[in-house]
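Structure, as structure tokens:
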Amino acid sequence: MHKPKGTHWLLGWATITIFLALLSLAILERQDLSPTSQPLFNEMVEFHGPLKVGQSFVASRPGLCRVALLLARKGRTNRSPVVFHLKEGAEATADLATVTINASHLEDVTTMVRRPYVYQSFSFSPIPDSAGKTFYFWVESPQSPADDPLSVRYQAGDVYPEGAMSTDGSTIDGDLAFRAYYTKGFFGNTALLLERLVEHRPFPWGSKAFYIAIFVVYLALFAGLVWSAFPTPTRDP
Amino acid sequence: MCCSDRKRKTLALLLALSLIRGILYSAVTPPWQAPDEPGHFQYAAFLVRYHRFPSRQDAAAEEWLQTQVYVSMQESGFWTRRAHTLAPPALEERYRAAVGHPPFYYLLGALLLAPFSRCDLVAQLHVLRLGSVLLGTLTVLVAYLTAQALFPEETSWQLAVPAFVAFLPMHTFITSSINNDSLAELLASLAVYSLLRILRAGPSTTLRTGLSWRGIVSVACLLASGLLTKRTTTFAIPLAALTIPLYCLRAKSLKLAPTSEAPRCPLRWLGQRCIWLLIVSAIGLGLWTLTRLPSYYLRLLEPQRYAPAALRAYALFFLLTFASFWANFGWMNVPLDLGWYAALAVFSLLALCGLGFFAVRVARGTEPLETWQRRALLMLLLAVVLIFAQTFGLMIVQGIPQQGRYLFPALIPLAVFFTLGLREWVPTQHRSLFPLALVLGMFVLDSVSLCCYIIPHFYG
């Protein structure tokens, strides 16, 4: 059995490591983290026909490009369009963005065989100067019948003081569960993730370098395993 | 252990990977976000603080520790991340010390925790998590040893079994949290490995037998330690009992051999029989000790447990067990999308069909297996049957779903059959690539679990 030359082994190992690193970064790149959110909920409010449910919030960064909500339906029959509107403040007359999706994509709360509490995203063109501004979004489903309404999750009480929830234009005591996303790019996402990972943790778990080191060592070891396990005519006769 | 350089290198890499993946999962999972972690932690911390086991009254009355844990849980956003709710005014009863569990894991945990008892509470939590990571890595080593003992000639397949164990996302998640499952799994795996070694060595024509005093004592100790760790290892007792007839079958066939030691050395022959008597007595005693079990399992015979509505519920529970065997993180509140489970179900069915082909070949005698290998495979099959019977028996008796991690004490037998079954679909000339394909497939599942579900759920 011929042993591979050291440089060949190193080359193979380095190639796989770089490939894996790029692949992992590509996966992470697609996983946006939300800097502005209201994650709590204990109630559901229904909407159908002319009823509208909305929430105001303050954008914390520039480049607002997506809002996600916890929408649901009861049963599989409702396939009506769900329309999302975004405008600058509750008093503004013109929409900044309008996005329509089909209710068939929403979580069906009547079945146990489901992934619960999945946020439904509404993406739109980035708003470059969004930082610090108050926005208002609302959802409606004009074609949904009263006996088969859609629902959106919210938390009773004022848990998000920067904004307020409203139904049909009237403010109510509660806040919708939502997440707002911005065009941050990979580095923005990674920085936010690292900030959240080290929060309230002692050393070394409170150090960003610790997580980067584990990630790099993991990929390097995995590349080594793949290269070592790969049977080649010279290495595994 | 005689290994080639490459095998040794691959094993070392696999163990290092198992360790680093455990550290990664333990670091990425926010404090207290693994099943029953606050309860397990408080049990070990109580032992360190008061030098005695906590009672139910202690768990209710102990305020200092509960307050510390409550503050830490609140600080790390436990209730928001777990249930999307506000924190309650005080620690709820279900998050108090897990006093109902056997003590062995907590004793080890207390020993590990004692030098760090003055550290930050989250640092202590991470120390205990790292202890579990080490136990998980040792299980990967036992998986390798089991695969090597079972098919010594199949060098490429030997990598597949520990790789499956090392890269199974849910296994890594559980063995990187504070949980007695990690120790229970290691002890049960060691017991299965010891039984396999006994079957492999068997009663030979020389004086050396597989059933040495050392072997018996080690199996007995492992079974006892397992029971002192978690009740999910109970299946190993009937497994050991059922392994006896398998071993005796071989002993019987050898007894007929002209070179048998029995007639030559009656004392040793008698000694061997006494050993059996001892084992049977020990197992009988063990079964008798578990007095609760018979009446408990008698409930399985109640007809209302098999009503159509109950059967529909069991089907749903089975799906939950299946999902949480592969990947359902946090407190079972971070599942994957249904498509992933459907793909895993397809692979599981393929493995099952492949096993069927393998079994047919073994039955026809066209698979070149030695007698001890057939018996070892039968013993591993028994382990799988018993763990399923134990888990689903509890499901029927209690009427609640059982988590997939309760199958982990028999994870190595499950990994053996899963990899054997899947390998059947690979053409013989490409089988050396099978472990690599399995490793890559598991890596994809693991990366997706971590990057697309765990991180977005906890930090999104």
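What ranking do B:Cys119, B:Cys452 get, fewest neighbouring Cβ atoms within 10 angstrom at the top?
Least crowded to most crowded, the residues run B:Cys119, B:Cys452.
Can you give the average number of partner chain beta-carbon atoms within 10 Å of each beta-carbon in peptide B:450-460, as a whole number?
Partner-chain Cβ atoms within 10 Å, mean over residues of B:450-460: 5.
Across peptide B:27-38, how many C-beta atoms of other chains are within 10 Å of each residue C-beta, on average?
Mean shielding count: 2.
Most exposed first by the Cβ proxy, i.e. fewest other Cβ within 10 Å, how do B:Thr172, A:Thr93 rank?
Taking fewest neighbouring Cβ atoms as first place, the list is A:Thr93, B:Thr172.
Suppose we keep just the alpha-carbon trace of chain A; what are its Rg and Dmax in angstrom?
23.7, 79
For a quick check of your reading of the filter: which GluC sites (Glu not before Pro) in the range B:124-233 sit in a DSSP loop and have no more than 11 other Cβ atoms within 10 Å?
B:Glu153
Can you list the trypsin sites (Lys or Arg not before Pro) in the range A:108-183 that are in a DSSP coil and have 16 or fewer other beta carbons within 10 angstrom? Please report the intermediate quantities before stating the final value.
Working: sites: A:Arg114, A:Lys133, A:Arg153, A:Arg179; in loops: A:Arg114, A:Lys133.
In loop regions of the range A:108-183 (DSSP not H, G, I, E or B), the sparsely surrounded trypsin sites (Lys or Arg not before Pro) are A:Arg114, A:Lys133.
Hey, can you rank B:431-444, B:138-151 by average C-beta count inside 10 Å, highest first?
B:138-151, B:431-444
Tell me the net charge near B:Pro335. Cut-off is 11 Å between Cβ atoms, B:Pro335 excluded, with +1 for each Lys or Arg and -1 for each Asp or Glu.
On the way: positive: A:Arg114, A:Arg115; negative: B:Asp337.
The answer is +1.
Among A:Ala191, A:Ala90, A:Ala103, which one shows the highest mean-square fluctuation when chain A is modelled as a Gaussian network with alpha-carbon springs under 10 Å?
A:Ala191
Of A:Lys133/A:Lys184; A:Lys208/B:Lys7; A:Lys133/A:Lys208; A:Lys74/A:Lys133; A:Lys52/A:Lys133, which sit over 27 Å apart, Cα to Cα?
As for pairs spanning more than 27 Å Cα to Cα, those are A:Lys208/B:Lys7; A:Lys133/A:Lys208; A:Lys74/A:Lys133.
Mind giving me the nanometre distance, one decimal, between the label points for A:Glu162 and B:Leu440, set 7 Å out from Cα along Cα→Cβ?
About 4.5 nm separates the two model spin labels.
Between B:Thr371 and B:Ala310, what is the label-point separation in nm under the 7 Å Cα-to-beta-carbon projection?
The two pseudo-label positions are separated by 4.4 nm.
Give the residue list of GluC sites (Glu not before Pro) in the range A:158-230 that are DSSP loop and have at most 16 other beta-carbon atoms within 10 angstrom.
Filter output for the range A:158-230: A:Glu162, A:Glu199.
Which three extents, in angstrom, do the Cα atoms of the range B:135-234 have along their principal axes, listed largest first?
Principal-axis extents of the range B:135-234 (Cα, largest first): 47, 36, 16 Å.
Of all DSSP beta bridges in the range A:36-183, what percent run antiparallel (nearest 5)?
If I count the DSSP bridges inside the range A:36-183, around 95 percent turn out antiparallel.
If one takes the longest principal axis of the Cα atoms in chain A, at what angle in degrees, from 0 to 90 and to the nearest 10, does the Cα axis of helix A:185-198 lie?
With both axes taken from Cα atoms, the answer is about 90 degrees.
Picking from A:Lys184, A:Lys208, A:Lys87, which is most flexible by a Gaussian network model of chain A using Cα springs under 10 Å?
Ranking A:Lys184, A:Lys208, A:Lys87 by mean-square fluctuation puts A:Lys208 first.
Under unit Cβ charges (Lys, Arg +1; Asp, Glu -1), what dipole magnitude, rounded to 20 debye, does the protein assembly as shown have relative to its Cα centre?
I would put it at about 3440 debye.
Residue by residue through the range B:188-200, which ³J(HN,Hα) values in whole Hz follow from phi under the Karplus form 6.51 cos²θ - 1.76 cosθ + 1.60 (θ = phi - 60°), with glycine and proline marked x?
Per residue, the Karplus-derived 3J(HN,Hα) values read 5, 5, 5, 5, 5, 4, 5, 5, 5, 5, 4, 5, 5 Hz.
Dividing the convex hull volume of the alpha carbon atoms of chain B by its residue count, what do you get in Å³ per residue?
Spread over its residues, the Cα hull of chain B gives 175 Å³ apiece.
Between A:Ala59, A:Ala92, A:Ala164, find the one with the highest GNM mean-square fluctuation for chain A; connect C-alpha pairs within less than 10 Å.
Comparing A:Ala59, A:Ala92, A:Ala164 in a Gaussian network model of chain A, the most mobile one is A:Ala92.
Could you compute the FRET efficiency for A:Val118 and B:Tyr297, with r as their C-beta to C-beta distance and R0 at 45 Å, rounded to 0.05?
Details: r = 39 Å, r/R0 = 0.87.
Taking R0 as 45 Å, the efficiency between A:Val118 and B:Tyr297 is 0.70.
Percentage of Cα-Cα pair distances in the protein assembly as shown greater than 52 Å, rounded to whole percent? Could you put the intermediate results ahead of the total?
Values: 42123 of 242556 pairs.
The proportion of pairs with Cα distances above 52 Å equals 17 percent.
Averaged over its residues, how many other protein chain Cβ atoms are within 10 Å of peptide A:219-228's Cβ atoms?
Shielding by partners across A:219-228 averages 6.
Provide the packing ranking of A:41-49, A:217-225, B:59-67, i.e. peptides ordered by the mean count of other C-beta atoms within 10 Å per residue, highest first. All intermediate terms of the calculation are to be shown ahead of the outcome.
Working: A:41-49: 17.1, A:217-225: 20.7, B:59-67: 15.0.
So the order, starting with the most tightly packed, is A:217-225, A:41-49, B:59-67.
What is the fewest-to-most order of B:Thr243, A:Thr134 by other Cβ atoms lying within 10 Å of their Cβ? Don't skip to the end; give the middle numbers.
On the way: B:Thr243 25, A:Thr134 15.
Ranked by crowding around the Cβ, least crowded first: A:Thr134, B:Thr243.
Quick note: the coordinates plus some simple rules give every number you see, no bench work behind them. All values derive from a computational prediction rather than experimental measurement. Note: ideal-geometry Cβ built from the backbone for every residue, glycine included; neighbour counts use all protein chains shown.
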